[in-house]
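In what follows, a structure is listed as structure tokens, so that the remarks can point back to it.
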Amino acid sequence: MKELEKTKRISVSAVIFLLVIVIGLLTFKKPKHVFSTDAKSTLNELLTADPILTSAGLKAMDSTAYVLVDVRSAYEYNKGHLPGARNIAHNEVLIEDNIRFFKNLTADNKVAVLYGENPNWALGTWMTLYQLGYTNPKILAIETQYTDKVFIAKDVQIEKPDLDYGTTLDSLKTKKQIPVAEPVKVIEKKEAPKVVVPVEKKKKSAPEGGC
Amino acid sequence: MSKNYKLKRLSTRRYQMLAAILILLAAGLVLLPDYQKHEGIEPQLFINKAMSNERFISTDIVADKIINKDPSFVLVDVRSEAEFAKFSLPNAINIPLDKFLSEEADNVINQEIVDVVLFSNDNFMANEAWLLGNRLGYTNLYLMKGGLNEWFNTIISPKMPEETMPREAFELYNQRKAAGLYFGVGSIEVPAVKTIVKTEPVKTPVKAPVKVVPEEKKKKSAPEGGC
């Protein structure tokens, strides 16, 4: 009987063991989206291959070679957008349709030209996509605005200093301005020359005493 | 006796069977797809962070912190060394973008207590650095909004508000002017006082010739004694 009890215990524990493994396998979750490019190679890409595309560069491209992607929200997009642009809001990049869109673009060797309010916002999307392994997006160097019911896009120069800071600062350095009062007119008063009447010095009398 | 023996044999076989199953399962683990690990944060979190506006710190706040010698933040200039040598903000540390992920830079940027404020000429380069840092899970990274261009437009040479603007605009302007003085620009405006010398028709003074009458020196009394 003792022997039987022993086998029972073994089989129960074995079943539990198997159950744990099976449950573990079933609940094994594979992350849907994984960054395939690490930060260092992304930085390298940023430094070596400039992801920025100017609007002049865009014009030079064949219109079939790229697709414009508006990364602003759908609300902003509906107010106004560049002609032919497709709206993929930044926070919706990981939605399956959009991921498939970028995948297809990569397969077709087309460039996804991203633009947003300014290049800064497009950079966020660019970096997400690049790190996910899509190497074809570019950032369009424009600023977009919606004012007076008109959608305006204008070129911006990225990282260009407005001024030559070192020299500008020197020229602006504090100069304590001491107010200089300017007399209106100064007229010199001429004085009559002094007449000096020399008075003859009296001769010193000879010392009275003496040897 | 024979019954006992059978049971024993069965139990030993059971052990072997169990062992075989476990070995098979272990072998199955090898066949599992590689769990792709990636450094830093997950894509969705990265997207959320890249959307937020919380990263921006205005130039006014930065100026205020510099003036008050706030010890809780570090300024990091991500421009090139040449640009840094020409001009930078006081007490800023230069970490060019290409060295941003190096180990020395890590000591400065990967902070938990001190805030790290990144800046460049405008936002773009600093934003690149900010995004890369966030990808790696660094906390406490911030951006100076508008970068040095904005710094010059606000602190160094602020625009005079128009007369119709609210009082706050004037207060801000004065504050910026005062901050500018701290950074060694601007002028202390002292209204110049003009002294006007009245001109009168010149009268030719008629003066009597001055006679210089020297006082007669008293004769020294002759020394009384003698040799």
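The values are calculated or read from the model by the stated rules, or taken from the named source; none is laboratory data. A quick note: this is a predicted structure, and the numbers were derived from the prediction, not measured. Backbone-built Cβ (ideal geometry, glycine too); neighbour counts: all protein chains shown.
Conditions tested, residue by residue: (1) of a type in the set (A, V, I, L, M, F, W, C); (2) modelled with pLDDT of 85 or more; (3) assigned by TED's automatic domain parsing to the domain that holds residue B:58; (4) farther than 27 Å from residue B:122 by Cβ.
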| position | (1), (2), (3), (4) |
| --- | --- |
| B:136 | yes, yes, yes, no |
| B:139 | no, yes, yes, no |
| B:168 | no, yes, no, no |
| B:171 | no, yes, no, no |
| B:178 | yes, yes, no, no |
| B:194 | no, no, no, yes |
| B:198 | no, no, no, yes |
| B:202 | yes, no, no, yes |
| B:210 | yes, no, no, yes |
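Exactly one of (1) in contact (Cβ under 8 Å) with a residue 40 or more places away in the chain; (2) more than 30 Å from residue A:91 (Cβ to Cβ) is unmet by residue A:37. Its number?
(2)
Taking the conditions exactly as written (in a loop (DSSP other than H, G, I, E, B), among the polar types (S, T, N, Q) and more than 9 Å from chain B (Cβ to nearest Cβ)), does residue A:64 satisfy them or not? Show your work before the answer.
Working: in a loop (DSSP other than H, G, I, E, B): yes; among the polar types (S, T, N, Q): yes; more than 9 Å from chain B (Cβ to nearest Cβ): yes.
Yes, satisfied.
Looking only at the range B:102-126, which residues are free of Cβ contacts under 8 Å to residues at least 24 places away in the same chain and surrounded by 18 or more Cβ atoms within 10 Å (Cβ to Cβ)?
Correct list: B:105, B:124.
Just one of B:136, B:148, B:143 is more than 27 Å from residue B:69 (Cβ to Cβ) and surrounded by 16 or more Cβ atoms within 10 Å (Cβ to Cβ); which is it? Explain how you work it out, then say what you get.
Details: B:148 fails: more than 27 Å from residue B:69 (Cβ to Cβ); B:143 fails: more than 27 Å from residue B:69 (Cβ to Cβ).
From the options B:136, B:148, B:143, the qualifying one is B:136.
Starting from the range B:79-101, take each residue that is assigned by TED's automatic domain parsing to the domain that holds residue B:68 and list its partners that are assigned to a loop (DSSP other than H, G, I, E, B) and among the aromatic types (Phe, Trp, Tyr), counting only C-beta distances under 8 angstrom and pairs at least six apart or across chains.
Pairs that qualify, where the first residue is assigned by TED's automatic domain parsing to the domain that holds residue B:68 and the partner is assigned to a loop (DSSP other than H, G, I, E, B) and among the aromatic types (Phe, Trp, Tyr), are B:90/B:183.
Counting only residues that are more than 14 Å from residue A:132 (Cα to Cα) and charged (D, E, K, R), which one in the range A:93-120 is surrounded by the fewest Cβ atoms within 10 Å (Cβ to Cβ)?
Applying the filter and picking the extreme gives A:97.
So residue B:68 passes all but one of these: (1) within 30 Å of residue A:41 (Cα to Cα); (2) without any contact (Cβ under 8 Å) to a residue 12 or more places away in the chain. Which condition number does it fail?
(1)
Take the range A:1-14 and flag every residue that is out of contact with any Lys or Arg (no Cβ under 8 Å at 6 or more places or on another chain) and surrounded by 13 or more Cβ atoms within 10 Å (Cβ to Cβ). Before the answer, list the steps.
Step one: filter the range A:1-14 for residues out of contact with any Lys or Arg (no Cβ under 8 Å at 6 or more places or on another chain), giving A:1-2, A:4-6, A:8-9, A:12-14.
Scanning the range A:1-14 gives a single hit, A:14.
Within the range B:151-169, take every residue that is in a helix (DSSP H, G or I) and charged (D, E, K, R) and give me the one that is farthest from the other protein chains (Cβ to nearest Cβ).
The first filter runs over the range B:151-169 and keeps only residues in a helix (DSSP H, G or I), leaving B:151-156, B:167-169.
Okay, now just the ones that are also charged (D, E, K, R), so B:167-168.
On the way: B:167: 26, B:168: 23 Å.
Per the stated criteria, the residue is B:167.
Of all residues being in a helix (DSSP H, G or I) and loosely packed, with under 10 Cβ neighbours inside 10 Å in the range B:25-46, which is modelled with the highest pLDDT? Just the residue, please.
We begin by selecting, within the range B:25-46, every residue in a helix (DSSP H, G or I); these are B:25-31, B:43-46.
With loosely packed, with under 10 Cβ neighbours inside 10 Å added as a condition, the list becomes B:27, B:30-31.
Working: B:27: 85, B:30: 77, B:31: 75.
Residue satisfying both the conditions and the ranking: B:27.
Please work out if residue B:176 is crowded, with 20+ Cβ neighbours inside 10 Å and closer than 16 Å to residue B:59 by Cβ. Reasoning before the result, please.
Working: crowded, with 20+ Cβ neighbours inside 10 Å: yes; closer than 16 Å to residue B:59 by Cβ: yes.
Criteria met by residue B:176.
Of the residues in the range A:15-43, how many are surrounded by 14 or more Cβ atoms within 10 Å (Cβ to Cβ), assigned to a helix (DSSP H, G or I) and more than 7 Å from every other protein chain (Cβ to nearest Cβ)?
Selection size over the range A:15-43: 2.
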